[in-house]
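The values are calculated or read from the model by the stated rules, or taken from the named source; none is laboratory data. As the structure is a prediction and not an experimental result, all values here were calculated from the model. All Cβ positions, glycine included, derive from the backbone under ideal geometry; neighbour counts span all protein chains shown.
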């Protein structure tokens, strides 16, 4: 029997009750995080919580307890569920109130977190994945990790129907990110990635990737690149909590590089794995 975090208590999953007038259900009025756990140890937890609180602040939602308390509760949740390798799903909504677009005065936020055992997708890391290019139809505050995910859902569905793992999104020919990932290209020994602004989510794994690049001597340019430039990249990578560092070997029939994960990608993966090894040994 599993356990969930419900507001400030850890309870049985079946005890969690979400009101039908919760604004997360009615408006997508809330924010969330997905956090990786390796061998029972939570990875980059502080960074995820920092983004969680920042996203909440950007939508004028006050989280009713301090970061240290939430950090402790999430670690307790992992331990209570005896989670090995998998994910924590954490979300907070503005709460439940009579349906109206502006915020009800007496509303109280509702926080829920649960965990799921989920092995690492090693075949994707080893062999690479296919992607398709789609127009970025999302709203203009992609820096907020909001519950409003219909744009990414539709993109992901179209990618799935095409037999692809991910959709690479663009606005007027400029690559932004993936439907559920950040997108990076490597050309002539330089890693290119979209600059941090409102057009992308500043991914936690994206930042780990940039740290790995620095550690292995791979220069980084944080600047947007076009679809045309994307076709010239000899290596393309997507990053996210669930995808870690995944090579893209084909985009809409166009073979990336040699059609196999490239040398720099392998080095980045090795450096990422080294960080995980340090984490689980500590």
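Observations, loosely collected:
- Within the range 48-62, residues that are closer than 19 Å to residue 87 by Cβ have Cβ atoms under 7 Å from residues that are modelled with pLDDT of 95 or more and in a helix (DSSP H, G or I) in these pairs: 48/204; 49/67; 49/70; 49/71; 51/204, counting only partners at least 6 apart in sequence or on another chain.
- Any chance residue 224 is in the same structural domain as residue 129 (by TED's automatic domain parsing) and surrounded by 19 or more Cβ atoms within 10 Å (Cβ to Cβ): no
- Test for residue 213: is it over 22 Å from residue 253 (Cβ atoms) and either buried (at least 18 other Cβ atoms within 10 Å of the Cβ) or modelled with pLDDT under 95 (or both): yes
- Any hit, the range 40-57, residues being surrounded by 21 or more Cβ atoms within 10 Å (Cβ to Cβ) and more than 26 Å from residue 181 (Cβ to Cβ): no
- Condition check for residue 201: part of a loop (DSSP other than H, G, I, E, B), farther than 21 Å from residue 44 by Cβ and either in the same structural domain as residue 231 (by TED's automatic domain parsing) or touching a helix residue (DSSP H, G or I) at 6+ places or on another chain (Cβ under 9 Å) (or both): no
- Of the residues making up the range 135-176, those that are outside any loop (DSSP other than H, G, I, E, B), in contact (Cβ under 8 Å) with a residue 40 or more places away in the chain and within 22 Å of residue 226 (Cα to Cα) are 166, 168, 170, 174, 175, 176.
The rows are residues; the columns are (1) more than 29 Å from residue 146 (Cβ to Cβ); (2) touching a helix residue (DSSP H, G or I) at 6+ places or on another chain (Cβ under 9 Å).
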site: 179; (1), (2): no, yes
site: 208; (1), (2): no, yes
site: 241; (1), (2): no, yes
site: 260; (1), (2): yes, yes
site: 264; (1), (2): yes, yes
site: 271; (1), (2): yes, yes
site: 277; (1), (2): yes, no
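- Filtered residues of the range 118-134 (kept if part of a loop (DSSP other than H, G, I, E, B) and exposed (fewer than 12 other Cβ atoms within 10 Å of the Cβ)): 119
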